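Asker: Please read through the structure below; I'll follow up with questions.
The values are calculated or read from the model by the stated rules, or taken from the named source; none is laboratory data. All values reported here derive from a predicted model rather than from experimental measurement. Quick reminder, even Gly has a Cβ in these numbers, built from the backbone with ideal geometry, and neighbours come from all protein chains shown.
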Amino acid sequence: MTAIGWIQLLIFSGLLLLLTKPLGVYLFAVLEGGKTLLDPVLGPVERIFYRLFGIDPKREQGWKNYTLALLMFSVVGMLLIYGILRLQGYLPLNPAKEELGTALNTHLSFNTAASFTTNTNWQSYAGEDTMSYFSQMFALAVKNFTSAAVGIAIAAALVRGIARSRAGTIGNFWVDLVRTNLYLLLPLSLVLAIFLVSQGMLQNFDPYVKAAVVETQGAGVAAVTEQTIAQGPVASQVAIKMLGTNGGGFFNVNAAHPYENPTPLSNFVQMLAIFAIPAGLTYYLGRMVKNQKHGWTIWGVMFALFLAGTIIAWAAEANGNPRMAAAGISAADGNMEGKEVRFGIFNSALFATITTDASCGAVNAMHDSFTPIGGLVPLFNMQLGEVIFGGVGAGLYGMLIFVVLAIFIAGLMVGRTPEYLGKKIESFDVKVATLAVLAPAFAILGFAAWAVVSKWGVAGLNNGGPHGFTEILYAYTSSASNNGSAFAGLTANPANGDWHYDTTLGLAMLIGRFFIIVPVMALAGNMAAKKLIPPSGGSFPVAGATFGALLIGTVIIVGALTFLPALALGPVVEHFIMHDLPNAISY
């Protein structure tokens, strides 16, 4: 754990803190109809959208209509993606048909459509070998924008519900969708894409390049005379995948590829982009509820959990594998297996922690090659609900679910009616919050258990024993948490055409997204209808260290009670096996 690593962590943390307020102020203007510097340019475009689709921007919706509009938009978008993928061989911008073929099969198309609709961006395929430029841009990149905007809209609706008094509406979904894309995601993505191109990232429509290889044959390996070097519109997709916490890679190895992550600076900026909007939303929360200290406390809770995870993962990877030292192999650089030498131990551990704190899923190292504890951190981050800054919108509304539970627990302990920002927390609020917590847990543990005892589940593994179990657990955790990263050792789309992984992972994604969204929207509607009560001496403080500690404890305890038995069978037991040198045969 080097000094340069600590300096980078300090710089990252400082820049994130500096970005939080200005982004939060801008988010307030975008989501609440305020004025922005982009109004003269984008205002007419916004009004064209409203006229074109018959939207009355002044007409707000109740939570049921808001949710119905959201669900209908998501279903139509998912069907559109499915159709494009099934027909991509007949659509334009397919520069390498001989490599790509004509279409994705039924279950892979379903998996991918569900993945990008739910902002998961899990990929059971290699992007450069499977997707045409048309599919990358018109199916996947477009959905990166809209699914991210949906998450932000849900967070805004919930915050409005908390802030309003005796209200029957929580906003207009179509207005939130249009304004979030026009004024936030598109401008920021354009700026980031231009920066990434300046760093050397690809952005073209060129055909794939054929290059002669230097070494044509190795021992026992068939002769290879040329290499195919993929091209394509990379920067435009990477920009929104980071800012929208989507994570789907243009290339199979994702942000470890030099065309997708050319320099250490591009690596740093991409990590910062993942956390930027989720951090700004905490300031937006504080401004909306007229309690900025509450917003900063939520930020502090998220940051504390992020910092703890980063240090644990970094320490585990820096210490390396004791088996190497026992075998007489120098491990001065720590565990470098599966890591890009341009980024090293610290930037790999930091990237892994950030991408699983947020529902991003982009990776610059293979998590399958992390040490057991190093791999446990990103796994547990997702199992906490990805509320540590989290996905754009999803992190905030997920954390507010835990806020409701924490205040309910505090009320039970002191014998008072739980109260949050002047509104009583009643049985309905706790029930929907509990449903939102239980839904992804059911999907993760239920599907993982099915896979472990099935031939199709074991057939997809790259490893046996506890590490193989972790591969399965990680896959369903990533899917149900709408993250999309993988342990990189699981074959979810096998050559024999087996459909089980693609289908069950796709179902886990849908459960993890929409079985949380509906309870969250119900909570928003119920909170909006309540009367604001002036704070009194008995009101529970929702700012400061005491509330922060309670909230951290709630998040960790709920996650630990739910998933600790499964974690004990995977990374925990693997850690002890790794250190059991006298009785170990191999590792």
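Asker: Which of the residues spanning the range 66-93 are under 28 Å from Leu31 (Cα atoms), free of Cβ contacts under 8 Å to residues at least 40 places away in the same chain and surrounded by 16 or more Cβ atoms within 10 Å (Cβ to Cβ)?
Answerer: Matches in the range 66-93: Met78 only.
Asker: Same structure again: Only one of (1) over 15 Å from the mean Cα position of the chain (by Cα); (2) surrounded by fewer than 24 Cβ atoms within 10 Å (Cβ to Cβ); (3) modelled with pLDDT of 90 or more is not met by Thr282, so which one is it?
Answerer: (2)
Asker: If we scan the range 431-446, do we find a residue that is in contact with a Leu (Cβ under 7 Å, 6 or more places away or on another chain) and within 30 Å of Phe250 (Cα to Cα)?
Answerer: no
Asker: Could I ask something else about it? Condition test on Lys424, is it under 21 Å from Ile511 (Cα atoms), among the basic types (Lys, Arg) and out of contact with any helix residue (DSSP H, G or I) (no Cβ under 7 Å at 6 or more places or on another chain)?
Answerer: Here the answer is no, as Lys424 does not meet what is asked.
Asker: Which of the residues spanning the range 195-231 are at pLDDT below 75 and at positive phi?
Answerer: Once the filter is applied, which keeps residues that are at pLDDT below 75 and at positive phi, the range 195-231 yields only Gly220.
Asker: Looking only at the range 76-125, filter to residues that are farther than 30 Å from Ile152 by Cβ, out of contact with any helix residue (DSSP H, G or I) (no Cβ under 7 Å at 6 or more places or on another chain) and among the aliphatic types (A, V, I, L, M); which one of those is modelled with the highest pLDDT?
Answerer: So, considering only residues that are farther than 30 Å from Ile152 by Cβ, out of contact with any helix residue (DSSP H, G or I) (no Cβ under 7 Å at 6 or more places or on another chain) and among the aliphatic types (A, V, I, L, M), the one modelled with the highest pLDDT is Leu87.
Asker: Evaluate the range 399-417: report whether one residue or more is under 15 Å from the mean Cα position of the chain (by Cα), closer than 18 Å to Pro278 by Cβ and not in a loop (DSSP other than H, G, I, E, B).
Answerer: Scanning the range 399-417, I find at least one residue that is under 15 Å from the mean Cα position of the chain (by Cα), closer than 18 Å to Pro278 by Cβ and not in a loop (DSSP other than H, G, I, E, B), so the answer is yes.
Asker: Taking the options Phe28, Phe73, name whichever one is more than 30 Å from Gln292 (Cβ to Cβ), among the aromatic types (Phe, Trp, Tyr) and under 23 Å from the mean Cα position of the chain (by Cα).
Answerer: Of the residues listed, the single one that is more than 30 Å from Gln292 (Cβ to Cβ), among the aromatic types (Phe, Trp, Tyr) and under 23 Å from the mean Cα position of the chain (by Cα) is Phe73.
Asker: Between residues in the range 540-559 that are touching a residue at least 12 places away in the same chain (Cβ under 8 Å) and more than 14 Å from Met302 (Cα to Cα) and residues that are in a loop (DSSP other than H, G, I, E, B) and of a type outside the set (Val, Ile, Thr), which pairs lie under 9 Å by C-beta distance while being six or more apart or on different chains?
Answerer: Hits for this filter: Phe540/Arg416; Phe540/Pro418; Val542/Asn291; Val542/Leu421; Val558/Leu384; Val558/Gly385; Gly559/Leu384; Gly559/Gly385.
Asker: Here is a follow-up. Would the range 108-125 turn up any residue that is among the hydroxyl-bearing types (Ser, Thr, Tyr), farther than 24 Å from Ile274 by Cβ, touching a Lys or Arg at 6+ places or on another chain (Cβ under 9 Å) and without any contact (Cβ under 8 Å) to a residue 40 or more places away in the chain?
Answerer: yes
Asker: In this structure, is Lys210 more than 24 Å from Lys58 (Cα to Cα), of a type outside the set (Gly, Ala, Ser) and without any contact (Cβ under 8 Å) to a residue 60 or more places away in the chain?
Answerer: When the stated conditions are applied, Lys210 passes them.
Asker: Give the range 449-459 a look and list any residue that's assigned to a helix (DSSP H, G or I) and either among the aromatic types (Phe, Trp, Tyr) or touching a residue at least 24 places away in the same chain (Cβ under 8 Å) (or both), or say none. Please lay out each step first, then the result.
Answerer: Quick first cut of the range 449-459, residues assigned to a helix (DSSP H, G or I) only: 449-452, 455-459.
Correct list: Trp450, Ala451, Trp456, Gly457, Ala459.
Residue by residue, here is whether (1) under 27 Å from Leu17 (Cβ atoms); (2) assigned to a loop (DSSP other than H, G, I, E, B); (3) in contact (Cβ under 8 Å) with a residue 12 or more places away in the chain; (4) touching a His at 6+ places or on another chain (Cβ under 8 Å) holds:
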site: Ala316; (1), (2), (3), (4): yes, no, yes, no
site: Asp333; (1), (2), (3), (4): no, yes, yes, no
site: Ile345; (1), (2), (3), (4): yes, no, yes, no
site: Ala352; (1), (2), (3), (4): yes, no, yes, yes
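Asker: Could you say whether any residue in the range 254-272 is surrounded by fewer than 24 Cβ atoms within 10 Å (Cβ to Cβ) and closer than 26 Å to Gly34 by Cβ?
Answerer: yes
Asker: Within the range 182-192, does at least one residue satisfy the condition of being modelled with pLDDT of 90 or more, crowded, with 24+ Cβ neighbours inside 10 Å and of a type in the set (S, T, N, Q)?
Answerer: Yes, because at least one residue in the range 182-192 is modelled with pLDDT of 90 or more, crowded, with 24+ Cβ neighbours inside 10 Å and of a type in the set (S, T, N, Q).
Asker: In addition: Taking the range 308-322 as the region of interest, how many residues are modelled with pLDDT under 85 and surrounded by fewer than 17 Cβ atoms within 10 Å (Cβ to Cβ)?
Answerer: Of the residues in that region, 1 qualify.
Asker: Name every residue in the range 370-420 that is hydroxyl-bearing (Ser, Thr, Tyr) and either without any contact (Cβ under 8 Å) to a residue 24 or more places away in the chain or closer than 27 Å to His575 by Cβ (or both), in order of residue number. Outline the logic, then answer.
Answerer: Start the filter on the range 370-420 by keeping residues that are hydroxyl-bearing (Ser, Thr, Tyr), which leaves 371, 397, 417, 420.
Correct list: Thr371, Thr417.
Asker: One residue is enough: does the range 131-150 have a residue meeting the conditions within 30 Å of Lys530 (Cα to Cα), touching a Gly at 6+ places or on another chain (Cβ under 6 Å), surrounded by 20 or more Cβ atoms within 10 Å (Cβ to Cβ) and not acidic (Asp, Glu)?
Answerer: Quick first cut of the range 131-150, residues within 30 Å of Lys530 (Cα to Cα) only: 147-150.
In the following step, the residues that additionally are touching a Gly at 6+ places or on another chain (Cβ under 6 Å) were identified as 148.
Next, from what is left, pick out any that are surrounded by 20 or more Cβ atoms within 10 Å (Cβ to Cβ): 148.
Narrowing further to those that are not acidic (Asp, Glu): 148.
Among the residues of the range 131-150, at least one is within 30 Å of Lys530 (Cα to Cα), touching a Gly at 6+ places or on another chain (Cβ under 6 Å), surrounded by 20 or more Cβ atoms within 10 Å (Cβ to Cβ) and not acidic (Asp, Glu), which makes the answer yes.
Asker: Now, a different point. Do the conditions hold for Phe487, that is, is it under 17 Å from the mean Cα position of the chain (by Cα), within 30 Å of Thr353 (Cβ to Cβ) and outside any helix (DSSP H, G or I)?
Answerer: Here the answer is yes, as Phe487 does meet what is asked.
Asker: Residues in the range 300-307: is at least one over 17 Å from Asn381 (Cβ atoms) and out of contact with any Cys (no Cβ under 9 Å at 6 or more places or on another chain)?
Answerer: Yes: one or more hits.
Asker: Among the residues of the range 460-484, which ones are surrounded by fewer than 22 Cβ atoms within 10 Å (Cβ to Cβ), in contact with an Asp or Glu (Cβ under 7 Å, 6 or more places away or on another chain) and in a loop (DSSP other than H, G, I, E, B)?
Answerer: Hits for the range 460-484 are Leu461, Asn462, Asn463.
Asker: Which of the numbered conditions does Ala167 fail, given that it passes all the others? Conditions: (1) surrounded by fewer than 18 Cβ atoms within 10 Å (Cβ to Cβ); (2) more than 23 Å from Leu71 (Cα to Cα).
Answerer: Result: Ala167 passes all but (2).
Asker: Run down Arg47, Arg59 and say which single residue is in a helix (DSSP H, G or I), more than 22 Å from Leu281 (Cβ to Cβ) and at pLDDT 90 or above.
Answerer: Going through Arg47, Arg59 in turn, just one is in a helix (DSSP H, G or I), more than 22 Å from Leu281 (Cβ to Cβ) and at pLDDT 90 or above: Arg47.
Asker: Any idea which of Ala394, Ala362, Ala349 is modelled with pLDDT of 90 or more and either touching a strand residue (DSSP E or B) at 6+ places or on another chain (Cβ under 9 Å) or not acidic (Asp, Glu) (or both)?
Answerer: Only one candidate passes the filter, namely Ala349.
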